[in-house]
Amino acid sequence: MNTSPKIKRHNPPKIETDLLGGHYIDSINDRGIAAELAMMTAEFTSLERFMDGVLAILIGTDDSELAGYVMRAIKSPKGRVDLMRNLLEKAPSNSGLSPDFDKAISEFWEINGKRNDYVHGQWYSHDSGAVFISIFDPHGWGLMSAREIKKEELSAMRNRIGAHSAFVLRTCVAEWQRRQPQAPSPQSPETAQGA
């Protein structure tokens, strides 16, 4: 006996929310949270510029400006990361690079995802002053899927971005220094006279 196929229909997940009763607006009314979000976004732009140095090393140059043109020509962040990973893992000239380059790329990708969550999230403010964000909402429920966010969470993310920027810079500088030709050691006057 043939059974007809089961018809697929939308079956939304149950939403459990701790939303406050009262009035909400689609905005960030807390100046501290808004400022922290802006600073985090600006800090991420600096991290992207430091990643130009990683790409420069991976393509065998010390010209970060040139590498930056390549990075910005690739519009997809995933495309940029895939390019750097492929160069790091498959190019023979990069086989001697330290694991710090793997970490630089992986952490950049994780930070990029978190930053996108904040920048592209849907923000709400409650009349009590509490601020909420809906990170990903495939069903269009917005506020119903939102969670409360504190300034400290954004501060921690901004600090993570800053720490990774410093790590990427140290990693690139160390590699550029390693690639510099070694100057001959200076001769002492005694050695020079004996030559």
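Throughout, read-outs are computed from the coordinates displayed, never taken from laboratory work. Note that this is a predicted model, so its numbers are computed, not measured. Every residue, glycine among them, receives a Cβ derived from its backbone with ideal geometry; neighbour counts consider all protein chains shown.
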Revision key, fill the gap. Any helix of the chain counts here only if DSSP assigns it H throughout, its Cα atoms span 27 Å or more along the axis, and its mean Kyte-Doolittle hydropathy is at least -1.0, and such helices are 31-58, 151-179
Revision key, fill the gap. Output for region 1-91: trypsin sites (Lys or Arg not before Pro) sitting in coil per DSSP, at most 16 other Cβ within 10 Å, listed by number, reads 6, 8, 9, 14, 75
Exercise for review: Check the chain and count each lysine pair with an alpha-carbon distance under 19 angstrom, considering only pairs eight or more places apart or from different chains.
Suggested key: 8
Revision key, fill the gap. Mean separation of Cα contacts under 8 Å (at least 6 apart) over the residue count of region 24-177, i.e. the relative contact order in percent, is 36 percent
Review point. Scattering from the C-alpha atoms of region 1-102 alone, worked out with Debye: what is log10 I(q)/I(0) at q = 0.20 1/Å?
Key: -1.04
**Study point:** Selected from 68, 21, 113 as most flexible by GNM, with the chain as the system and alpha-carbon contacts under 10 Å
**Key:** 21
Review point. Listing 47, 66 from the residue with the fewest other Cβ atoms within 10 Å to the one with the most, what is the order?
Key: 66, 47
Check your understanding: Running Debye on region 24-177 with equal point scatterers at the Cα sites and no solvent, what base-10 log of I(q)/I(0) appears at q = 0.14, 0.16, 0.20, 0.21 Å⁻¹?
Key -> -0.73, -0.87, -1.14, -1.22
Exercise for review: Lys and Arg at +1, Asp and Glu at -1: add these up for the other residues within a Cβ distance under 12 Å of residue 79 and post the number.
Suggested key: +4
Practice item. Take the chain, connect every pair of alpha-carbon atoms lying under 10 Å apart with a spring to form a Gaussian network, then pick out the residue of 181, 77, 92 with the largest mean-square fluctuation. Key: 181
Point to revise | Full-stretch length increase - residue 73, residue 177 - with 0.36 nm per residue and alpha-carbon distance subtracted | key: 34.7 nm
